[in-house]
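In what follows, a single structure is set out as structure tokens and then discussed.
The values are calculated or read from the model by the stated rules, or taken from the named source; none is laboratory data. Just so we're clear, the structure is a prediction, and the values are computed from it rather than from any experiment. Please note: Cβ atoms are built from the backbone with ideal geometry, for glycine as well, and neighbour counts cover all protein chains shown. Side chains are part of the model used for accessible areas, which takes the heavy atoms of the whole protein and leaves out ligands, DNA and RNA. Shrake-Rupley method; radii C 1.70, N 1.55, O 1.52, S 1.80 Å.
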Amino acid sequence: QKVFRVILQNDEQVEIINSLASNMQVDFWQPDSVTLVRPKMQVDFRIEADLSSEVEDFLKESGVEYRVLIDNLQDAVDAQFDSKARTTGHSYEKYNNWETIAAWTADIAAQNPDLVSRSVIGETYEGRPMYILKMGKSGSNKKAIFMDCGFHAREWISPAFCQWFVKEAVETYGKDTVMTTLLDNLDFYVLPVVNIDGYVYTWTNDRMWRKTRSKNAGSRCIGTDPNRNFNAGWCTLGASKSPCDSTYCGSAPESEKETKALADFIREHLSTIKAYLTIHSYSQLLLFPYSYTYKLPSNYEELNSIARAASKELASLYNTKYTYGPGATTIYPAAGGSDDWAYDEGIKYSFTFELRDTGRYGFILPESQIKPTCEETLLAVKYIANYVLEHLY
Amino acid sequence: AAAMELPPSHGVANRAAALATGYLCYRRGSPGRGLALRCLRRARRQDIDDVGHKYYLELVLEDVLDKDSTVNCTAEVLYHLGNKNIAPDVQFTLEGELKNTEEADNIFYSRIKSLEKELVAENIPDSHGNVPPEMEPVRLLAWVASGYLIWQNSTENTKFQLAQIKRVKQVKRSDEYLEFDYTILLHEMVSQEIIPWQMTVLWHPQHGVQVTQDSRQPKHASQ
């Protein structure tokens, strides 16, 4: 669609514009309506793309002075999102620091009040508010899917995916049938960054930091591995009892404010949460319980076939190969994981994603891969969500 | 005991595959050629009494610089029982030819040889995953050399990957070899530790890559 600007010299030319407006759809930007058009006025109006060459010819023939103000309206609108990024600093195709993400959670909720609301589920060790976004068209008796990102500080692609998911939800609601059905019938609780203190630390001090930033009594070493800190076979295997280690399980289950806040929230909404997704990187894996034991979950066959199908969906876009299976055998045995805990609480569909890549870049995945990674992962998440919707319990 | 089939999704089989890939990459790599594991197609394991565990692997490897260029490979990895100071034995057979990288290697060689000041760089890739194009061969060289460290230090319960080059400094030599002193970060997947490691790397287009000296570094006190 094009936007034209004409300078009308006299009444005759005003008439020309009047006749134009009576013969076709003309959307007047300035002034608001054709009835306000006067000589010596600068008039701006929008025309559908397929009529624009006709209009140009007409204006030329009639001797009306004009120029094309906006050659492609869609491009100009899209570009506005870029310039918004330049002022707020937020971009879905770049890694955003915590300040930017926090501001974005407020913005996205404010801009989409029918679909998104923001609340705080707790505070981090260093006192930062833990924001959660509730996505979905409001309705009664809705079941929900819980998804979190940013458990481990250095896995930057993970929070990037949560942001991408939210963007896709608000932008494609009403346009994409699957997304619309999902948001009409389910709520999504999206926690964009669980381990905020750790995430900030990777931006300011150590890009390879993993754990929380809490002090450990009697040790100079900082932090607990949040994904060893849940009450699921806590600290029995695949976790360390030493505060200096990267897989330190903590002083007790839910010793970390962040994990306690997450667990409290899930417990409070247990009757409505029907699936739990937790996003990590790297390795390109789709895991399900158990990790704290080699025992298989009671609905192993079902989880396995969901994982198989979701991996296939993911691969359909860029041929990115994922391996799937129960945590203990597919990656390694590890107790205290949030996915196992959620499953044992009764959430039948519990999955851990390990996103791109398989080690070439590892944690430092280039920004150019954010978009493709998020696009393909979204397919898998939508598949799982859709399955859950069709198998509510 | 007979060899037992393992599902390719198996964590242990994939650790053996990563080890084999690291070794292979070290033997065949150069600043113009890095190999990575595309996928594990088949894995079998044999427990040999008083010796150790042997893995028979069918791998697909890809060229790090050209993802569409792949090569099939069979490998055998023997983890020795008991004494953890012996590196695993690795044997491999590549099915087919690897791309010829003579030209790229020679260009890099000449470029570095003709530098007036020794090359020095830090944080490759940077925090956001960026690698300046002219640093790509330096990075690939570290990738290849890290294969040696991975081979020498792996057990059935470890999986190492090069996470980042913290620092690289060229050491000028009077002979024809190029020498680089790297401090790299290795990521160990099972313990999730990031281990700083120093290594001295020698390279010549005709003589391949050699790690002549290496030393594991202590973690920072704050960790």
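Over segment A:97-145, what per residue volume does the convex hull of the Cα atoms give, in whole Å³? Could the numbers behind the result be given before it?
On the way: hull volume 4.3 nm³, N = 49.
Convex hull of Cα atoms, per residue: 88 Å³.
With the crude spin-label approximation of a point 7 Å out along Cα→Cβ, what separation in nm comes out for A:Asn185 versus A:Asp44?
Taking the simple label geometry, A:Asn185 and A:Asp44 are separated by 4.4 nm.
Could you list log10 I(q)/I(0) for segment B:4-95 at q = 0.13, 0.24 Å⁻¹, which the Debye formula gives when each Cα is one point scatterer?
Those come out to -0.42, -1.20, one per q.
Over segment B:4-95, what is the mean sequence separation of C-alpha contacts under 8 Å (at least six apart), divided by residue count, expressed as relative contact order in percent?
RCO, segment B:4-95: 24 percent.
For segment A:161-288, what are Rg and Dmax over the alpha carbons, in angstrom?
17.2, 56
Average the reciprocal distances over every distinct pair of alpha-carbons in the protein assembly as shown, invert the result, and give the Kirkwood radius in Å.
On the way: mean 1/r = 0.0369 Å⁻¹.
For the protein assembly as shown, inverting the mean 1/r across all distinct Cα pairs yields 27.1 Å.
Please compute the modelled spin-label separation between B:Arg42 and B:Met135, points set 7 Å along Cα→Cβ, answer in nm with one decimal.
4.2 nm
Helix A:98-111 versus the longest principal axis of chain A: what is the Cα-based angle in degrees, 0 to 90, to the nearest 10?
50 degrees
Would you mind calculating the relative contact order of chain A from Cα pairs under 8 angstrom and at least 6 residues apart, reporting the percent as a whole number?
Once divided by the residue count of chain A, the mean separation gives 15 percent.
Taking a probe of 1.4 Å and counting only protein heavy atoms, give the total accessible area buried between chains B and A in Å², rounded to the nearest 100.
Interface area, both chains combined: 2700 Å², rounded to the nearest 100.
With the Cα gyration tensor of segment A:1-153 in hand, give its eigenvalues times 5 under a square root as the equivalent ellipsoid semi-axes, listed largest first in whole angstrom.
49, 17, 13
Per residue, how big is the convex hull around the C-alpha atoms of segment A:120-220? Give it to me in cubic angstrom, could you?
Dividing the Cα hull volume of segment A:120-220 by its residue count gives 110 Å³.
Skipping prolines and chain starts, which residues have an amide H placed within reach, meaning under 5 Å, of the one on B:Val171, given they are 5 or more residues away or on another chain?
When sequence neighbours closer than 5 places are left aside, the close amide H contacts are B:Glu179, B:Phe180, B:Asp181.
In whole Å, what are the Cα extents of segment B:82-223 along the three principal axes, biggest one first?
Extents along the principal axes: 46, 43, 30 Å.
Report in % the part of the accessible area of segment A:11-136 that belongs to carbon and sulfur, leaving out ligands and nucleic acids; probe 1.4 Å.
46 percent
Using a 7 Å offset from the Cα along the Cα-to-Cβ direction at both B:Glu176 and A:Lys312, what is the distance between the two label points in nm, to one decimal?
In this crude label model, B:Glu176 to A:Lys312 measures out at 5.6 nm.
How many Cβ atoms of partner chains, on average, are near each residue of A:359-372 if near means within 10 Å of its Cβ?
Average neighbour count from other chains, rounded to a whole number: 5.
Any chance you could give the angle, 0 to 90 degrees and rounded to 10, that helix B:11-28 forms with the longest Cα principal axis of chain B?
40 degrees
So if I restrict to the alpha-carbon atoms in segment A:2-71, what is the Rg, and what is Dmax, the biggest pairwise distance, in Å?
10.5, 28
When you take every Cα atom in segment B:139-217, what is the radius of gyration, and what is Dmax, the widest Cα pair distance, in Å?
That works out to 12.8, 42 Å for Rg and Dmax.
Summarise the partner chain shielding of B:186-196 as one whole number: the mean count of Cβ atoms from other chains within 10 Å of each residue's Cβ. List each step's numbers first, then the result.
On the way: counts 0, 7, 1, 6, 6, 6, 14, 7, 8, 0, 1.
That average works out to 5.
Starting from the Cα gyration tensor of segment A:227-384, multiply each eigenvalue by 5, take the square root, and state the resulting semi-axes largest first in whole Å.
So the equivalent ellipsoid measures 25, 19, 15 Å along its semi-axes.
Taking only C-alpha pairs under 8 Å that are 6+ residues apart, what is the relative contact order of segment A:2-71 in percent?
Relative contact order here is 52 percent.
Rounded to two decimals, what ratio of Rg to Rh does segment A:211-275 give with C-alpha atoms and a Kirkwood Rh?
Computed over Cα atoms, the ratio is 1.04.
Quick one: P(r) of segment B:45-163 from all Cα-Cα pairs, 5 Å bins, percents rounded to integers, in order of increasing distance.
Result, from short to long distances: 2, 8, 13, 18, 17, 14, 12, 8, 5, 2, 0, 0 percent.
Can you work out D for segment B:6-46 in µm² s⁻¹ from Stokes-Einstein, where Rh is the Kirkwood radius over C-alpha pairs, the temperature is 25 °C and the viscosity is 0.890 mPa s? Spell out each step's value before the answer.
Working: Rh = 11.0 Å.
Diffusion coefficient, whole number: 224 µm²/s.
In whole Hz, what ³J(HN,Hα) sequence does segment B:38-46 give by Karplus (6.51, -1.76, 1.60; θ = phi - 60°), x for Gly and Pro?
Computed from phi, the couplings for segment B:38-46 are 7, 6, 9, 8, 8, 9, 10, 10, 10 Hz.
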